[in-house]
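Colleague: One structure, as structure tokens, below. Some questions next.
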Amino acid sequence: MTVADLHTLTGAYATHALEPAESAEFERHLAGCPACALEVAEFAATLARLAAADSVVPPEALKARVLAALPTLRQEAPRTAPPAVDARRPGPLRRGLPRLALAACLALAVGAGGVAVQQHREADRARARATALQQAQDHVAGLLAAPDARTATGAAAGGAGVGTVVWSPSRDRAAFLASGMPAPGAGSTYQLWFNDSGTMRPAGLLPGGDGALLLSGPLDGASGIGVTVEPAGGSAHPSSAPVMLLSFG
């Protein structure tokens with residue numbers, strides 16, 4: 001594949017539409033082509049914004065109506081036939097049936113209420129994640145649009161996936177975009193660091209090998225960034241060798 005051909009694959013790479021061999025060849029090209037790195041970063045930011053725009057959060061009024069109606073709803077009766085009981089011979093089993101039915105109804109009501117509360121909490125968490133994602137995407141888009149925006153791209157250790165850092169000296173901020181990096185594993189996360197002349201300053205967490213992250217904190221004279229794999233929740237200092245180092249030079 002010629003270099004001219006590789007320049008045309010930025011959109012296909014950003015949408016994960018390349019074959020594995022093509023993707024590997026393009027990643028080798030991407031590590032040395034700032035123009036393609038910038039295009040991939042722009043495509044990734046746009047795709048993330050489109051994905052967020054496609055998500056729908058339930059209206060507050062609908063959620064309020066559902067929660068208000070829960071206490072008035074009755075559980076539907078079981079459709080299976082009850083065990084046969086001789087009506088001519090009242091016994092412990094027949095006398096206990098009303099109590100068993102009441103206990104079952106109470107258990108169902110408690111279960112339904114628990115499900116509703118869980119769904120309510122999940123909706124709140126989803127809304128918070130969507131808001132945070134939208135804010136991060138807006139910041140990344142702003143950095144890409146800055147007149148002095150610059151990018152640096154490199155391959156992850158082992159050649160699996162690439163990362164691109166976008167920074168703007170005038171805005172004193174940076175963002176990191178990852179594509180195709182392996183999952184960090186259960187109980188682990190990717191952690192970003194500002195490289196302050198060899199001292200690594202925490203800059204945020206990226207749970208997966210794909211996505212965009214606005215780095216926390218200003219550039220403050222940093223010479224670049226590093227990426228390490230850390231325990232979930234992050235570390236105060238790097239606890240493993242970096243899987244990627246990118247320079248602001």
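None of the figures in this text is laboratory data; all of them are computed from the coordinates on show. Just so we're clear, the structure is a prediction, and the values are computed from it rather than from any experiment. For neighbour counting, all protein chains shown are included, and Cβ atoms are generated from backbone atoms with ideal geometry for every residue, glycine included.
Colleague: I'd like the full set of residues that are crowded, with 18+ Cβ neighbours inside 10 Å and part of a helix (DSSP H, G or I), limited to region 30-42.
Modeller: 30, 36, 37, 38, 39, 40, 41, 42
Colleague: Restricting to region 168-187, name every residue that is surrounded by 15 or more Cβ atoms within 10 Å (Cβ to Cβ) and of a type in the set (S, T, N, Q).
Modeller: Correct list: 168, 179.
Colleague: Could I ask something else about it? Among the listed residues 186, 203, identify the single one that is touching a strand residue (DSSP E or B) at 6+ places or on another chain (Cβ under 6 Å) and either part of a strand (DSSP E or B) or farther than 24 Å from residue 42 by Cβ (or both). Before the answer, list the steps.
Modeller: Numbers: 186 fails: touching a strand residue (DSSP E or B) at 6+ places or on another chain (Cβ under 6 Å).
Going through 186, 203 in turn, just one is touching a strand residue (DSSP E or B) at 6+ places or on another chain (Cβ under 6 Å) and either part of a strand (DSSP E or B) or farther than 24 Å from residue 42 by Cβ (or both): 203.
Colleague: Which pairs do you get when a residue that is without any contact (Cβ under 8 Å) to a residue 12 or more places away in the chain, found in region 164-189, comes within reach of a residue that is not in a strand (DSSP E or B), reach meaning Cβ atoms under 9 angstrom, with the pair 6+ apart or on two chains?
Modeller: So the pair list comes out as 186/232.
Colleague: Provide a single number: the residues in region 206-222 that are more than 20 Å from residue 169 (Cα to Cα) and either more than 19 Å from the chain's Cα centre (by Cα) or assigned to a strand (DSSP E or B) (or both). Step through it out loud before you land on a result.
Modeller: From region 206-222, those more than 20 Å from residue 169 (Cα to Cα) are 206-211; that's our starting set.
Restricting the remaining residues to those that are either more than 19 Å from the chain's Cα centre (by Cα) or assigned to a strand (DSSP E or B) (or both) gives 206, 211.
Adding up the residues that qualify gives 2.
Colleague: Separate question: Considering only residues of region 192-245 that are among the small types (Gly, Ala, Ser) and without any contact (Cβ under 8 Å) to a residue 12 or more places away in the chain, which is nearest to residue 160 (Cα to Cα)? If you could, list the steps in order and put the result at the bottom.
Modeller: Here is the first cut: in region 192-245, the residues among the small types (Gly, Ala, Ser) are 197-198, 203-204, 208-209, 211-212, 216-217, 221-224, 226, 232-236, 239-241.
Narrowing the set further to residues that are without any contact (Cβ under 8 Å) to a residue 12 or more places away in the chain leaves 198, 239.
Numbers: 198: 25, 239: 21 Å.
The selected residue is 239.
Colleague: Something else about it: Which residue is nearest to the chain's Cα centre (by Cα), if the candidates are limited to region 10-40 and must be under 22 Å from residue 150 (Cβ atoms) and among the β-branched types (Val, Ile, Thr)?
Modeller: Going through the qualifying residues, I end up with 40.
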